[in-house]
Amino acid sequence: MFCIKKNSNLAPIPILLLLFAFSYLTPNTAKGQSYLYGGEMNFEVGLNFGATWFLGDLGGGKGIGKSFIKDTNFQFTKPLVGLYMRYHFNQFLSFGINANWAQLEAADRAIRPRSDASPEFFRYIRNLHFMTNILEAQAVVEFHPINIELVSGDFISAYGMGGIGVFHFDPKTDYFNPQTNTIETVKLQPLGTEGQGIPGTGRSKYQLLEMQVPLAIGVRYILQNKYVFGIEAMHRLTMTDYIDDVSTTYVDPALFYANYETPVADMIAALARRSPEIDPGELYGRITEPGRIRGDSSDRDSFYSITFRVGIMFSGGYMGYRGGCPTF
């Protein structure tokens with residue numbers, strides 16, 4: 001952890017560490033230390049806005065599907081907006097909460113397979129699609145190891161973040177209804193496209209409210225010790241593999257007809273196995289036969305965002321960092 005003035009020379013690291021320890025243990029009246037001894041509380045509130053991308057079973061790039069940035073399909077860039085609050089314990093540690101609304105979408109049609117023998121062809125011919133709104137709430141801890149005071153008196157702060165959160169999702173897709181000759185948007189979870197909720201399958205309906213672990217890095221610029229402008233990259237590890245309604249294997253469509261009225265069974269069967277939409281002759285029908293892999297349940301879904309932060313400080317500004325940044 002270090003704190004630098006742009007117009008100062010760097011002291012040896014051991015001296016810095018001793019000075020930091022001394023500054024924490026010794027009371028002083030500088031504004032930068034007052035919060036440690038029952039003085040001013042330092043709050044920050046503001047807005048987040050940016051873009052999100054889904055990482056799961058659907059879509060992706062060439063080769064075997066991965067669970068990180070390699071498989072980002074930028075044509076499905078979706079918005080995120082939200083609010084945040086931070087309480088700064090000191091110049092290195094903050095606690096906060098985030099509340100965001102976002103969208104996610106992915107589709108196998110985004111894949112451009114090199115050949116019918118390439119690993120990505122399996123996902124392309126699967127031809128599945130989903131979209132969902134996301135509502136999330138997070139409790140996070142920020143660690144600020146780098147705080148730089150500029151000649152102007154403004155600050156730059158780099159930070160890392162971790163925490164825990166909860167989010168709601170509800171995957172949907174577009175369905176061409178042959179009875180009405182219209183395209184409808186339908187919710188996928190109630191349908192049980194992998195046999196969820198049907199007796200004998202051993203598969204229950206997945207929950208639409210799940211936990212997540214947010215991890216992030218970011219940089220903030222603090223203007224006039226009050227106004228905050230920043231950029232942040234956040235990755236969310238989730239506890240579900242069903243954000244995209246895809247996780248296990250194809251089931252026999254006869255199960256749908258045995259448990260639902262024919263019009264509903266027709267819809268579920270069509271949305272559970274969409275390869276005939278791009279392969280009407282079933283040349284590659286074996287890939288999506290009952291029992292074949294539909295998704296990879298060993299990798300849970302995730303999503304990430306890049307957002308801008310605009311905020312304002314209350315009750316003391318940016319911790320009075322001048323009181324905590326030694327000059328040499």
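The values are calculated or read from the model by the stated rules, or taken from the named source; none is laboratory data. Computed from a prediction, not measured in an experiment: that's the story for all the values here. Glycine gets a Cβ as well: all are built from the backbone with ideal geometry, and neighbour counts include every protein chain shown.
Hey, could you check the range 272-286 for residues that are surrounded by fewer than 19 Cβ atoms within 10 Å (Cβ to Cβ) and among the aliphatic types (A, V, I, L, M) and say which is nearest to Thr193 (Cα to Cα)?
Ile278
Take the residues of the range 147-165 that are over 20 Å from Tyr227 (Cα atoms) and of a type in the set (A, V, I, L, M, F, W, C): which is surrounded by the most Cβ atoms within 10 Å (Cβ to Cβ)?
Looking at the filtered set, the residue picked out is Met161.
For the range 256-268, which positions are in a loop (DSSP other than H, G, I, E, B) and in contact with a strand residue (DSSP E or B) (Cβ under 8 Å, 6 or more places away or on another chain)?
The answer is none; no residue qualifies.
Which one of Gly324, Gly311 is buried (at least 17 other Cβ atoms within 10 Å of the Cβ), at pLDDT 95 or above and closer than 24 Å to Asn147 by Cβ?
Gly311
Among the strands (runs of 3 or more DSSP E) contained in the range 92-177, which hold 3 or more residues that are under 21 Å from Thr238 (Cα atoms), touching a residue at least 12 places away in the same chain (Cβ under 8 Å) and of a type outside the set (Val, Ile, Thr)?
The qualifying strands (runs of 3 or more DSSP E) are 93-107, 129-149, 155-168.
Quick check: is even one residue across the range 215-236 more than 23 Å from Leu80 (Cβ to Cβ), surrounded by fewer than 19 Cβ atoms within 10 Å (Cβ to Cβ) and within 24 Å of the chain's Cα centre (by Cα)?
Within the range 215-236, not a single residue is more than 23 Å from Leu80 (Cβ to Cβ), surrounded by fewer than 19 Cβ atoms within 10 Å (Cβ to Cβ) and within 24 Å of the chain's Cα centre (by Cα).
With the structure loaded, tell me whether Ala102 is surrounded by 15 or more Cβ atoms within 10 Å (Cβ to Cβ), within 25 Å of Pro79 (Cβ to Cβ) and in contact with a helix residue (DSSP H, G or I) (Cβ under 9 Å, 6 or more places away or on another chain) or whether it fails that test.
Against the criterion (surrounded by 15 or more Cβ atoms within 10 Å (Cβ to Cβ), within 25 Å of Pro79 (Cβ to Cβ) and in contact with a helix residue (DSSP H, G or I) (Cβ under 9 Å, 6 or more places away or on another chain)), Ala102 does not qualify.
Name the pairs whose Cβ atoms lie under 7 Å apart, with the first residue in the range 286-298 and basic (Lys, Arg) and in a strand (DSSP E or B), the second buried (at least 16 other Cβ atoms within 10 Å of the Cβ) and at pLDDT 95 or above, and 6 or more positions between them or separate chains?
From the range 286-298, no pairs qualify.
Please give the number of the condition Leu271 fails out of (1) in a strand (DSSP E or B); (2) out of contact with any Pro (no Cβ under 7 Å at 6 or more places or on another chain); (3) not β-branched (Val, Ile, Thr).
(1)
Which count do you get for residues in the range 178-193 that are surrounded by 13 or more Cβ atoms within 10 Å (Cβ to Cβ), touching a strand residue (DSSP E or B) at 6+ places or on another chain (Cβ under 7 Å) and either among the hydrophobic types (A, V, I, L, M, F, W, C) or touching a residue at least 60 places away in the same chain (Cβ under 8 Å) (or both)?
Counting residues in the range 178-193 that are surrounded by 13 or more Cβ atoms within 10 Å (Cβ to Cβ), touching a strand residue (DSSP E or B) at 6+ places or on another chain (Cβ under 7 Å) and either among the hydrophobic types (A, V, I, L, M, F, W, C) or touching a residue at least 60 places away in the same chain (Cβ under 8 Å) (or both) gives 2.
Taking only the range 259-268 into account, find how many residues are over 30 Å from His168 (Cβ atoms) and either touching a Pro at 6+ places or on another chain (Cβ under 9 Å) or touching a residue at least 40 places away in the same chain (Cβ under 8 Å) (or both).
Residues in the range 259-268 being over 30 Å from His168 (Cβ atoms) and either touching a Pro at 6+ places or on another chain (Cβ under 9 Å) or touching a residue at least 40 places away in the same chain (Cβ under 8 Å) (or both): 0 in total.
For the range 244-261, state whether one or more residues are under 30 Å from Ile97 (Cβ atoms) and touching a Gly at 6+ places or on another chain (Cβ under 8 Å).
The answer is yes; a qualifying residue exists.
Give the residue that is nearest to Ser302 (Cα to Cα), with candidates limited to residues of the range 196-210 that are without any contact (Cβ under 8 Å) to a residue 60 or more places away in the chain and surrounded by 14 or more Cβ atoms within 10 Å (Cβ to Cβ).
Glu210
Would you mind telling me which numbered condition in (1) closer than 22 Å to Val251 by Cα; (2) of a type in the set (Phe, Trp, Tyr); (3) touching a His at 6+ places or on another chain (Cβ under 9 Å) Tyr159 fails?
Only one criterion in (1) closer than 22 Å to Val251 by Cα; (2) of a type in the set (Phe, Trp, Tyr); (3) touching a His at 6+ places or on another chain (Cβ under 9 Å) is unmet by Tyr159, namely (1).
Restricting to the range 95-123, count the residues that are in contact with an Asp or Glu (Cβ under 7 Å, 6 or more places away or on another chain) and at pLDDT below 95.
Total meeting the criteria: 3.
What residue, of Lys62, Lys31, Lys66, Lys78, is at pLDDT below 65 and farther than 30 Å from Asn225 by Cβ?
Every option except Lys66 fails the conditions.
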